[in-house]
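Just below is one structure, and these are the notes that go with it.
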Amino acid sequence: MKKLLTLGLMLAATPALAAEEGPFFSLRNAEFVIGVAFIAFIGALIYFGVPKMIGRMLDDRAQGIKNSLDEARLLREEAQALLVSYEAKAREVTAQSARIVEGAKAEAEMAAAQAHSDLQKSIARKLAAAEEQIESAVKSAEAAVRDRAISVSVAVAADLLKRQMTAEQAAASVDASIEQVAARLH
C-alpha cells in the first residue's frame, strides 16, 4: 500500500512540474495523461476484484486468529480442570500417607508393649529399633506414595495430552506448564 501511495504521489507531482501550455483534454498535456492512467489503474484494480481479495484475506486472517484464541481458551480451561483434578489427587495421597503413618505408629506401640513384657534391656533396644523402623516406614511410604502418584499423574497426563493435542499444541502446553511451575516455585 505504501508503494502504491508513493507511486501515486510521484505521478501527481511530476505532471505539475512538467505541465505544458495548451488545452487540458489533450494527449500532449501530461496532467491529463497521468490522470487518465491513474483512473484506468484504479479501474483495473476494481475490475479484477483486488479490494474484495484484500478484504477476503483480512477476513480469513481475522477468522484464523479468532480460531486460535478460541482453541487457546479451550486448552486453558482443560489445563485448569486437569490441575484441579491433580490437586485433589495430591490431597488424597497426603491423607493416605497420614493413615499409613498412623498405622505404622500403632504397630510400633504394639511392638513396644510386647517387648516391655519380655525384658527391660530388650525394651530399650526394641524401642529404638521401632522408632527407626517407624521413621524408615514413614519415609519409605511417603516416597512410595509420592513416586506412585507422580508416575500415575504423569502417565495419565501424557496419555490424555497424546490423544487430544497436536505437536504444536503439545509444545505450547509444555511451555505454558513450565512457566506456571516456575511462577509457583519462585
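Taking 0.36 nm per intervening residue step and subtracting the Cα-Cα distance, what contour gain separates residue 176 from residue 82 on full extension?
32.5 nm
How big is the Cα convex hull of the chain in projection, averaged over all directions, in nm²?
19.4 nm²
Which semi-axes, in whole Å and largest first, does the equivalent ellipsoid of segment 79-177 have when worked out from the alpha carbon gyration tensor as the square roots of 5 times its eigenvalues?
Three semi-axes, in Å: 45, 11, 8.
Classify segment 43-121 as rounded, prolate or oblate from the Cα gyration tensor: take a ≥ b ≥ c as the square roots of its eigenvalues, call it rounded if a/c is under 1.5, otherwise prolate when a/b beats b/c and oblate if not.
Judged from the Cα gyration tensor, segment 43-121 comes out prolate (a/c at least 1.5, a/b above b/c).
Whole angstrom only: what separates the Cα centroid of segment 43-89 from the Cα centroid of segment 117-139?
66 Å
Counting Lys +1, Arg +1, Asp -1, Glu -1, what net charge surrounds residue 68 among other residues with beta carbon under 11 Å of its beta carbon?
Once positives and negatives cancel, what remains is 0.
Using the alpha-carbon atoms, what tilt in degrees (0 to 90, nearest 10) does helix 120-164 show relative to the longest principal axis of the chain?
Approximately 20 degrees, to the nearest ten.
For segment 79-177, build the charge dipole from Cβ charges (+1 Lys, Arg; -1 Asp, Glu) around the Cα centre, then report which of 167, 119, 155 sits farthest towards its positive end.
So the residue we want is 119.
Which value, in debye to the nearest 20, gives the size of the charge dipole of the chain about its Cα centre, when Lys and Arg are +1 and Asp and Glu are -1 at the Cβ?
The calculated dipole for the chain is roughly 160 debye.
By how many degrees, between 0 and 90 and to the nearest 10, does the Cα long axis of helix 167-185 differ from the longest principal axis of the chain?
60 degrees
Choose one answer from 82, 27, 58: the residue with the largest mean-square fluctuation in a GNM of the chain with alpha-carbon springs under 10 Å.
Looking only at 82, 27, 58, the largest GNM fluctuation is found for 27.
Which whole-Hz ³J(HN,Hα) couplings does segment 72-81 yield from phi under the Karplus relation 6.51 cos²θ - 1.76 cosθ + 1.60, θ = phi - 60°, glycine and proline marked x?
Per residue, the Karplus-derived 3J(HN,Hα) values read 5, 5, 5, 4, 5, 5, 5, 5, 5, 5 Hz.
For the chain, with the dipole built from +1 on Lys and Arg beta-carbon atoms and -1 on Asp and Glu ones, taken about the Cα centre, which of 128, 108, 58 lies farthest toward the positive end?
58
Given R₀ = 30 Å, FRET efficiency for residue 105-residue 157 by Cβ-Cβ distance, to 0.05?
The value I calculate is 0.30.
From Cα pairs below 8 angstrom and at least 6 apart in sequence, can you work out the relative contact order of the chain, rounded to a whole percent?
RCO, the chain: 12 percent.
Give me the dipole magnitude in Debye, nearest 20, for segment 79-177 about the Cα centre, with unit charges on the beta carbon: positive for Lys and Arg, negative for Asp and Glu.
140 debye
Under the Karplus relation 6.51 cos²θ - 1.76 cosθ + 1.60, θ = phi - 60°, what is the ordered set of whole-Hz ³J(HN,Hα) values for segment 59-65, x standing for Gly and Pro?
5, 4, 5, 4, 5, x, 5
Which residues make up the longest stretch of the chain that has no chymotrypsin sites (Phe, Trp or Tyr not before Pro) in a DSSP loop with at most 11 other Cβ atoms within 10 Å?
That would be 49-186.
Using Cα springs under 10 Å in a Gaussian network model of the chain, which residue among 59, 118, 175 shows the largest mean-square fluctuation?
118
To test your reading of the geometry: what angle, between 0 and 90 degrees and rounded to tens, separates the Cα axis of helix 30-47 from the longest principal axis of the chain?
40 degrees
No value in this document is a laboratory result; all are computed from the given coordinates. Fair warning: this is a prediction, and the values are worked out from it, not measured in the lab. Using ideal geometry, Cβ is built from the backbone for each residue, glycine included, and neighbour counts are taken over all protein chains shown.
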